[in-house]
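Step one of this worksheet: look at the structure below.
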Amino acid sequence: MQSLQFLYEIPHKNPLFIDRKISIQSKKVLLDGPRKSGKTSLILDHLSHYELKEYLYLDWADERIDKNEIIEHLNDFIRRHSIRLLIVENFDFSFELPRVEETIISTSTSTCKPLQGFETLTLYPLDFEEFLAFDKKHSNVEHLFNLFTNQGTFPFLIQQNESEHAKLTQEMLHIVLRDPLEYVIYKRFCELQGSKVSLFQIYNYLKSMTKISKDKLYVLATHLIDQKLLFLVEKYRQPNANKKVYLIDFTFKDALSFKKDFLKRFENMVFLELIKRDKIIYYEEGIEFYLPEESLAILCAGFSTTQAIEARLQKLLPSFWALHVKRVEVVTLSSESAQDIEGLSFSIIPFWEWALQLS
């Protein structure tokens, strides 16, 4: 009971919070998302609407707490203090939650047990529109895009010195990926950003460097996906084909390797804007992203000229027709135009405009 009393008396404030697109509105919320994506800040901002004595905040990853003691006394403590809101961060679903008027649970995995009556909210790191809100010093959107390209999407990283970005990213990943083997596997995925790979190819590469089994690789890769640190995109209607590798932050590869590929990084940037809006995404040959529910194909053209883009579109017309594509969006770093070709609607648009108009 002593641990609970100590935790109950701690005030929780977050004076530097900047609004995110997601907010806590329901009385029962399961908040998931990658570690360091801002879940705690979102919760602390929500607590500003409550008096200190109305809530109890527990962090299940806090090594100071005696978990057995808390489980034993939690129900009695909540009743005795008439607690209105219970927060359990990093919840591991190892015990039954007490009945409280309002409950907020946070977790960093997406394979958690379903909780009846809870609304699930997923908080990713910043998308481009949220990044704009975090930068109060600049107003030119193209300049902000250049900053976004270098600083990435994790809130605490973009507020640090840019020259320290690689070191801080490495430190963060070592904290998040405590298993050294999991770190090595993720580093390899980062090096393959935007590439088509199979787990067997990853295994063949890693087995010469470290002791690993295929089963262990599968388990750890699945864990990376569950934490939303890694995304493997399937080829449309070909689930056994090699999958394309994307990362939760497009700057990770540059933080872990000197081998740079800006076009792959740009492709990852476009992917993240889509996945953060819950789009169902595939790839096709010559087509970076295909969204069948919207009959939409998205191409990443980088610095390509309008003439080069139009030539590429002409070559892809048979693929668009076969996929029943109705719209094609070409995301660039400069070019801009719109036209119809053979009954298809094409738009060529810079990333900073495309990202801000996404629904």
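The values are calculated or read from the model by the stated rules, or taken from the named source; none is laboratory data. For clarity, every value in this text was computed on a predicted model and none was experimentally measured. Neighbour counts are summed over all protein chains in view; Cβ atoms, including those assigned to glycine, are modelled from backbone coordinates with ideal geometry. Heavy atoms of the whole protein, side chains included, go into the accessibility calculation; ligands, DNA and RNA do not. Shrake-Rupley method; radii C 1.70, N 1.55, O 1.52, S 1.80 Å.
Quick look at the numbers
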{"read-out": "Among residues of the stretch 76-106, those that are at pLDDT 95 or above, open to solvent by 10 Å² or more (accessible area, probe 1.4 Å) and of a type in the set (S, T, N, Q), counted", "value": "2"}
{"read-out": "Condition check for residue 173: closer than 22 Å to residue 242 by Cβ and open to solvent by less than 80 Å² (accessible area, probe 1.4 Å)", "value": "no"}
{"read-out": "Hits in the stretch 110-119 (condition: within 30 Å of residue 54 (Cα to Cα), surrounded by fewer than 16 Cβ atoms within 10 Å (Cβ to Cβ) and either among the polar types (S, T, N, Q) or modelled with pLDDT under 90 (or both))", "value": "110, 113, 114, 116"}
{"read-out": "Count of residues meeting criterion [closer than 22 Å to residue 63 by Cα and either free of Cβ contacts under 8 Å to residues at least 24 places away in the same chain or not acidic (Asp, Glu) (or both)] in the stretch 86-102", "value": "11"}
{"read-out": "Leading residue by the ranking (surrounded by the fewest Cβ atoms within 10 Å (Cβ to Cβ)) among those in the stretch 329-347 that are closer than 19 Å to residue 263 by Cα and either small (Gly, Ala, Ser) or modelled with pLDDT of 95 or more (or both)", "value": "334"}
{"read-out": "Answer from 189, 156 - the residue that is over 30 Å from residue 235 (Cα atoms) and of a type in the set (Phe, Trp, Tyr)", "value": "156"}
{"read-out": "Index of the failed condition, residue 215 passing every other in (1) open to solvent by 10 Å² or more (accessible area, probe 1.4 Å); (2) under 19 Å from the mean Cα position of the chain (by Cα); (3) acidic (Asp, Glu)", "value": "(2)"}
{"read-out": "Subset of the stretch 303-316 (residues that are surrounded by 15 or more Cβ atoms within 10 Å (Cβ to Cβ) and either closer than 21 Å to residue 272 by Cβ or not β-branched (Val, Ile, Thr) (or both))", "value": "304, 310, 313, 316"}
{"read-out": "Residue within the stretch 131-151 that is among the charged types (D, E, K, R), within 21 Å of residue 47 (Cα to Cα) and either open to solvent by less than 30 Å² (accessible area, probe 1.4 Å) or assigned to a strand (DSSP E or B) (or both) present", "value": "no"}
{"read-out": "Evaluation of residue 31 against (1) under 27 Å from residue 168 (Cβ atoms); (2) in contact (Cβ under 8 Å) with a residue 12 or more places away in the chain; (3) not in a strand (DSSP E or B) (one fails), failing number", "value": "(3)"}
{"read-out": "Selection count where residues are open to solvent by 10 Å² or more (accessible area, probe 1.4 Å) and either among the aliphatic types (A, V, I, L, M) or touching a Phe, Trp or Tyr at 6+ places or on another chain (Cβ under 8 Å) (or both), scope the stretch 348-359", "value": "4"}
